[in-house]
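Worksheet: the structure to be examined is printed underneath.
The values are calculated or read from the model by the stated rules, or taken from the named source; none is laboratory data. Quantities reported herein were computed from a predicted structural model and do not represent experimental measurements. Here the Cβ positions follow ideal geometry from the backbone for every residue, glycine too, while neighbour counts run over all protein chains shown. Note: accessible area is taken over every heavy atom of the protein model, side chains too, but ligands, DNA and RNA are not part of it. Shrake-Rupley method; radii C 1.70, N 1.55, O 1.52, S 1.80 Å.
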Amino acid sequence: MGPDGAPGPTVPWRKVLWERQPFPDNYVDQRFLEELRRNEGIRQYCYWAVVKEAGIVGQQLSCVAIFITLWLYMEQGLLPPETLLWISLASALLGYGLHQALTSHDESCSEPHTHLADLQSATIFLSFTFGFSPVFKTLTESVSTDTVYAMSAVMLLAHLVSFPYAQPSPPGSLSLNAALFASVCLASRLPGTLHTFAMLSCALLVFALWPCLLQRLRENASRQFTGVCVGVCIAGVGGLGSQSPGGAVLLALALGCVTLLCPLLLVMLQRHKDNIHGPWDEAEIDEDISRFLH
């Protein structure tokens, strides 16, 4: 309408704020929903690819089960500490050689560490662990056994929750510290000082060094990575089954849920995802504004 009430030319609505227009502030025309976009940039998941990625969660759960199984064997006197130390040493040497074999030439040139430096670090670390083993052995003497077991269970759960599954090498400080805290608590309940040293050495191998090798397998040997995850899961269930059949059943159910059921739910629920984008979204500045910050 014109200023005198007579019909005037129709004024088209424009999506601007700096111009006075004869429309309410919340007015939109019929073109508003023409720019509606659904599920823009959504990622489509393949079931078996998700199962493969979930394998690292299952194998870490199995690593905790293997560690607990070894501790049960040592507590019951079925596994001498000397045997565990020799097994840990052989596993460490084998894992170190495999890690070096999977390291590319460019990565090896960019890393200043040498074999001698790695040997010195391992020697110093093991020497301190052996020297403080008598202290670790008597660390929880004034604490009840039930409290020690409860703290160990909570710390192992914190390790599993905070473990950096997307990039396990190096292991996260929170997850590693929680696992080592639980290891010290459990090792303090073993019969002798050598038992404590063997248990802590095994804990360093499982919770600190194994994730580094696992990440290297994940990057450079994807097929072998899947086989290793399956093997660790089988070893965890089998080892725990030798001590507690009920615990092995619960572990197998947890592994099936984590590695098979949860990926299936993710793929099934992905089809119901509905993200909408349109002119109501916040504006994004594509221009590089870093030059204005100086």
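Looking only at segment 128-143, which residues are open to solvent by 70 Å² or more (accessible area, probe 1.4 Å), assigned to a helix (DSSP H, G or I) and free of Cβ contacts under 8 Å to residues at least 12 places away in the same chain?
Hits for segment 128-143 are PHE128, PHE132, VAL135.
Any residue at all in segment 109-127 that is β-branched (Val, Ile, Thr) and at pLDDT below 85? Even if it seems obvious, please write down each step before you answer.
Step one: of segment 109-127, the residues β-branched (Val, Ile, Thr) are 114, 123-124.
Among the residues that remain, those that are also at pLDDT below 85 are: 114.
Yes, because at least one residue in segment 109-127 is β-branched (Val, Ile, Thr) and at pLDDT below 85.
Which pairs turn up if I take residues in segment 203-216 that are in contact (Cβ under 8 Å) with a residue 60 or more places away in the chain and small (Gly, Ala, Ser) and look for partners that are open to solvent by 30 Å² or more (accessible area, probe 1.4 Å) and in a helix (DSSP H, G or I) with beta carbon separation below 8 Å, at least 6 apart in sequence or on another chain?
Cβ pairs passing all conditions: ALA203/LEU180.
Step by step: first the residues of segment 54-86, then only those that are without any contact (Cβ under 8 Å) to a residue 40 or more places away in the chain and open to solvent by 40 Å² or more (accessible area, probe 1.4 Å), then the one that is nearest to the chain's Cα centre (by Cα). Which residue is that? Even if it seems obvious, please write down each step before you answer.
Initial filter on segment 54-86 (without any contact (Cβ under 8 Å) to a residue 40 or more places away in the chain): 76, 78-80, 83, 86.
From what's left, open to solvent by 40 Å² or more (accessible area, probe 1.4 Å): 76, 78, 80, 83, 86.
Numbers: GLN76: 32, LEU78: 32, PRO80: 32, THR83: 31, TRP86: 29 Å.
So, considering only residues that are without any contact (Cβ under 8 Å) to a residue 40 or more places away in the chain and open to solvent by 40 Å² or more (accessible area, probe 1.4 Å), the one nearest to the chain's Cα centre (by Cα) is TRP86.
Name every residue in segment 241-275 that is open to solvent by 80 Å² or more (accessible area, probe 1.4 Å) and of a type in the set (A, V, I, L, M), in order of residue number.
Within segment 241-275, VAL249, LEU250, LEU253, LEU260, LEU261, LEU265, MET268, LEU269 meet the criteria.
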